[in-house]
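I have placed the structure first, in the form of structure tokens, so that the comments after it can refer back to it.
The values are calculated or read from the model by the stated rules, or taken from the named source; none is laboratory data. Quick caveat, the model's predicted, so the values are computed rather than measured. Every residue, glycine among them, receives a Cβ derived from its backbone with ideal geometry; neighbour counts consider all protein chains shown.
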Amino acid sequence: MNRSREVVVYVVGQVFQQAVVFSSSIIVARWLGPGDFGILGLTRSIYYVVLMLAPLGLDISLLRHIAQHEDEPVRINRQITVLRLLVSGATCATVLLTFLLFGPLVERGVYHYPEFALFLTLTVLALPPAADLAVLGAVCRARHHPETQVLASVYLQPAARFVLIVLFLYLGQGLAGVLVAQVIGTVIASVTLGTIILFRNRRTFPGAHRLVQADWSMLRLLIRDSKWLAFSVLIYGMLRFVDVMILGVYRPAAEVGEYAAISAVAQIIQFIPQSLSQTLGADVARLFAAGNFAGLKSTLSNYLRHASLLSAPVFAGVVAFGPWLDLLFGHRFVFRQDMTLSLALGFYIAAVLGPMGFSLSMTGRHRLEFGLLLTGTLLTIAGCVAATQQFGALGTASAVACGYFVINGVRAILVQRIYRFFIGKVADLLPPVIALAIAFLVREGGAVALGRSLPSLIALGFVYLMVCGGAFWVLLLRDDEKSHLAARLPAFLRAR
């Protein structure tokens, strides 16, 4: 599958996934209310923090490992089997420790909500299949089959979860039913992807390989490097979830629920950058290994430009129309403009600039990347704790956004000093500024003309996207980008 189709499959999948997640979030929030929705947000935040460490960094290091040993697929497949067993053992042990020790300790000492330990245990039951899904996804991306991973994790998993969530809520299972539905949906996706890869390997890479001493040495080296990558992902990703965890310590569950609801909506900002960076890590590793630094700069700069252009309208839409989301979540939820701006800005910076870390982690400088992320995250968490106590949810969101800005700014300076070039251009800052101006103009004009209602929210959303698309076409797109879109769009529409 060529790169354009890969991106289309992923983008369409992300639109589908975000639509499903958004719909299920609204259903769950309206059904459970801010209090239980806040508890759900807390358990899910803890889960996602642990999940970033659960694949042991193999979901990143395998991109480089497989790319460097493309001529030994049977041998690498055998090594992957060993690594999957290692990940499964570690995640199953984590689930057991949560049930016996960690869950009860957290309920008694941190989050004093009834049955919080039970809800946390039900949540982390999804760790083993989710971690395996991450490892298998890396295998697909490294072997240029990202669409297979997308079909399992972006299409199948959210669809299965949605159906099961609605079913369990209808049966009156409440919050526990929502958590069990998420576990079953993850198992379905993991088993499906594993089965597809198994049959593909038997057809494409026939034969067997017996592990020898050289394989075990290679695996030890891979795991040694993977731990740095795992902690780098954990440290950077923690900022996206630690906010809810800190907020839950100092503020009531209802406020946490409102914050989690906005976070659920703001996550749609991430899907374009994620789609564009699916194979970015492997590409960076290959270019660096070949000594092609001009290609390295071009690849990273092109990603940054396209990520900024395509995700800016989503970011601005969340900021401008965020305060109207009580029309969807129900009158029990209240969303402030300043909090919406801070949350969306954090998501935007993290999503667009986060993959720039490949310039260090995929070029042998993973320890430098880890040191940068660890220092920045610790400082951000300290600021987050102080700001949350003083300003509540607004302080939480603002501290995290500032943390992402500082971390990525320092990384840009390091890349310039190491490679003697900057990634991207000043013009890459224009898309979010222009999109914000258009979004607020459409919202305010629409409020006067149509009033504040759910139908007007939907109508103004369409108007905003059309106006924003036209403005970007005229003001921001280069001639070659316009030609590319004009040539690709009719073929894509015919294919649909």
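Structure values in brief
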read-out: Flag if His69 is over 30 Å from Ala117 (Cβ atoms) and crowded, with 21+ Cβ neighbours inside 10 Å; value: no
read-out: Condition check for Gly395: on the phi > 0 side of the Ramachandran plot and touching a Ser or Thr at 6+ places or on another chain (Cβ under 6 Å); value: no
read-out: Counted residues, the stretch 420-450 - those being under 19 Å from Gly354 (Cβ atoms) and of a type in the set (Phe, Trp, Tyr); value: 1
read-out: Which numbered condition Lys425 fails, given (1) at pLDDT 85 or above; (2) farther than 16 Å from Ala320 by Cα; value: (1)
read-out: Selection status of Val191, surrounded by fewer than 20 Cβ atoms within 10 Å (Cβ to Cβ) and assigned to a helix (DSSP H, G or I); value: yes
read-out: Residue pairs meeting the criteria (Cβ under 7 Å; at least 6 apart or on separate chains; first outside the structural domain of Gly317 (by TED's automatic domain parsing) and on the phi > 0 side of the Ramachandran plot, in the stretch 464-491; second at pLDDT 90 or above and acidic (Asp, Glu)); value: none
read-out: Members of the stretch 438-467 that are assigned to a helix (DSSP H, G or I) and either small (Gly, Ala, Ser) or in contact with a Ser or Thr (Cβ under 9 Å, 6 or more places away or on another chain) (or both); value: Ala439, Gly445, Gly446, Ala447, Ala449, Leu450, Ser456, Ala459, Gly461
read-out: All positions within the stretch 365-380 that are touching a helix residue (DSSP H, G or I) at 6+ places or on another chain (Cβ under 8 Å) and among the small types (Gly, Ala, Ser); value: Gly376
read-out: Qualifying residue in the stretch 236-243 (condition: in a helix (DSSP H, G or I) and over 25 Å from Gly109 (Cβ atoms)); value: yes
read-out: Residue match in the stretch 405-416 (condition: of a type in the set (Gly, Ala, Ser), part of a helix (DSSP H, G or I) and surrounded by fewer than 23 Cβ atoms within 10 Å (Cβ to Cβ)); value: yes
